[in-house]
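What follows is a set of notes on a single structure, which appears directly below.
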Amino acid sequence: MWGCEALLGPVACEASRCPRVPFSIPSSLPAFSPQSPMKCPSTRACPLSLIMFTSGGSLRSILQRMAQTPSTTSLYPRSSSSTSKDAVMLHSFTLRQQLQTTRQELSHALYQHDAACRVIARLTKEVTAAREALATLKPQAGLIVPQAVPSSQPSVAGAGEPMDLGELVGMTPEIIQKLQDKATVLTTERKKRGKTVPEELVKPEELSKYRQVASHVGLHSASIPGILALDLCPADTNKILTGGADKNVVVFDKSSEQILATLKGHTKKVTSVVFHPSQELVFSASPDATIRIWSVPNASCVQVVRAHESAVTGLSLHATGDYLLSSSDDQYWAFSDIQTGRVLTKVTDETSGCSLTCAQFHPDGLIFGTGTMDSQIKIWDLKERTNVANFPGHSGPITSIAFSENGYYLATAADDSSVKLWDLRKLKNFKTLQLDNNFEVKSLIFDQSGTYLALGGTDVQIYICKQWTEILHFTEHSGLTTGVAFGHHAKFIASTGMGRSLKFYSL
């Protein structure tokens, strides 16, 4: 049952404000009179007396009649078809909700899948690019960025006269582009050559029959014995360059057996020498902390590069023929312009804090290696001036390093009586030549085809690459062998030693 509005219509309640409040009919009702009007049980405001008296009955009879009257809802019962329709509509609505949710989940999953595929593709591309870069020896990104510092030493130009360097020139975009262009040309040429060995190259069975054919002892001073460095002219391997303990640099002609020039100027022994491939220039380095550039025809010094504050321990000429790489006991490597004598950049690895013992350019010239006193071999990206790889494994100071012309192999030697071979594509040691106890290695070099490896130290040994087996052994030097080199197509082998002799071996 409901309030007065349901029972008596809208007129029974003021402005229809009475809420629908359910109530029950009491068993006994009070008598009504005009003097005691009944009010609405909900609002306590509606006068019911007038309606009750005018309707001609009591409230109970009115309520009973209302209860017996069928409601509107009962007059129109819901059919089964209407109920089924409601159920279908509800089911359809539920399916639509589920479909929308599924679509959103699918969209999110597809987005995640697409993002994952993109990341995988990018990483795969980067890995492939990195492998190709290592295979072609074009390093990408560095691991450590050592500090490049300005040189505090002046360069010297023109017959050894001092010249103020000032600040380092730096690696300009023009220089970097020049290095890249040269590397591209050399890489292309190497790929064209492939694995083909020159027909003129001496065969292993012939090389194994080599013997000493000449020995020259008059190149350097007898009072201060010892030839400490050796190099052959790439354009004409009959021209031999040596550096001695007597502080002199000597250019010797193998064919005529004559000294072409004796170059004097260093104040300490000469430990590194390099021949220019196309100009009549030679380079030398010394513990006097200088690098000297000499004119062979004039037998004079044309440049002195003061890139270091301590002994210069390594020297290597870039493939362009315009720049020199040097290493030093001062823990720095330097890159210098041979035309101006200026130091372009100078870098150290502050995390190492060790002296450098040697340095060598890769044949392409974009990377190079250095050896350290703490038995580390470090590979550097020249353009970025960053250390891109380290090769641990030796247990003594590194004494020599050499890159193969094939661009893939690096040979290293140390005071641990071993020579290690490294694959630059995989950045790992794939072969170790364990020598006799107390065997000293002072020099390593590959021939121009990358077929043979020579090492000089306690004696001279020649190995054939790939098999890495010894095919030749010389013991003619009376002291340590300090340098070894191959003639053109390995037609002869040259070596120098502390006994101040220059020796040649061939058929």
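The values are calculated or read from the model by the stated rules, or taken from the named source; none is laboratory data. Remember, it's a predicted structure, so these values are computed and weren't measured experimentally. Every residue, glycine as well, gets a Cβ built from its backbone with ideal geometry; the counts of neighbours run over all protein chains shown.
Values as computed for the structure displayed
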| read-out | value |
| --- | --- |
| Any chance Leu325 is under 24 Å from Arg190 (Cα atoms) and either in contact with a strand residue (DSSP E or B) (Cβ under 7 Å, 6 or more places away or on another chain) or not polar (S, T, N, Q) (or both) | yes |
| Residue that is nearest to Thr451 (Cα to Cα), among those in the stretch 206-234 that are at pLDDT below 95 and exposed (fewer than 13 other Cβ atoms within 10 Å of the Cβ) | Gly218 |
| Within the stretch 424-507, strands (runs of 3 or more DSSP E) holding 2 or more residues that are farther than 30 Å from Ala130 by Cβ and of a type outside the set (S, T, N, Q) | 441-446, 452-457, 460-464, 469-474, 481-486, 493-497, 502-506 |
| Yes/no for Lys442 being surrounded by fewer than 18 Cβ atoms within 10 Å (Cβ to Cβ) and basic (Lys, Arg) | no |
| Residue satisfying all of: in the stretch 340-357; in a loop (DSSP other than H, G, I, E, B) and among the β-branched types (Val, Ile, Thr); modelled with the highest pLDDT among these | Thr340 |
| Any pair with Cβ under 7 angstrom, 6 or more apart, that starts in the stretch 342-353 at a residue that is touching a residue at least 40 places away in the same chain (Cβ under 8 Å) and ends at one that is of a type in the set (D, E, K, R) | Leu344/Asp337; Thr345/Arg385; Val347/Arg385; Asp349/Lys378 |
| Test: residue in the stretch 449-460 that is within 14 Å of Ser208 (Cα to Cα) and surrounded by fewer than 21 Cβ atoms within 10 Å (Cβ to Cβ) | no |
| Test for Leu410: is it crowded, with 21+ Cβ neighbours inside 10 Å, touching a residue at least 40 places away in the same chain (Cβ under 8 Å) and over 21 Å from Arg211 (Cα atoms) | yes |
| Residues of the stretch 215-248 that turn out to be in contact with an Asp or Glu (Cβ under 9 Å, 6 or more places away or on another chain), in a strand (DSSP E or B) and charged (D, E, K, R), as a count | 1 |
| Test: Ala413 is touching a Phe, Trp or Tyr at 6+ places or on another chain (Cβ under 7 Å), in a strand (DSSP E or B) and under 19 Å from Thr482 (Cα atoms) | no |
| Residues (touching a Ser or Thr at 6+ places or on another chain (Cβ under 9 Å), assigned to a strand (DSSP E or B) and either among the hydrophobic types (A, V, I, L, M, F, W, C) or surrounded by fewer than 22 Cβ atoms within 10 Å (Cβ to Cβ) (or both)) located in the stretch 361-384 | Phe361, Phe368, Ile377, Ile379, Trp380 |
| Residues satisfying the stated conditions in the stretch 259-274, i.e. part of a strand (DSSP E or B) and either modelled with pLDDT under 95 or of a type in the set (A, V, I, L, M) (or both) | Ile259, Leu260, Ala261, Leu263, Val273, Val274 |
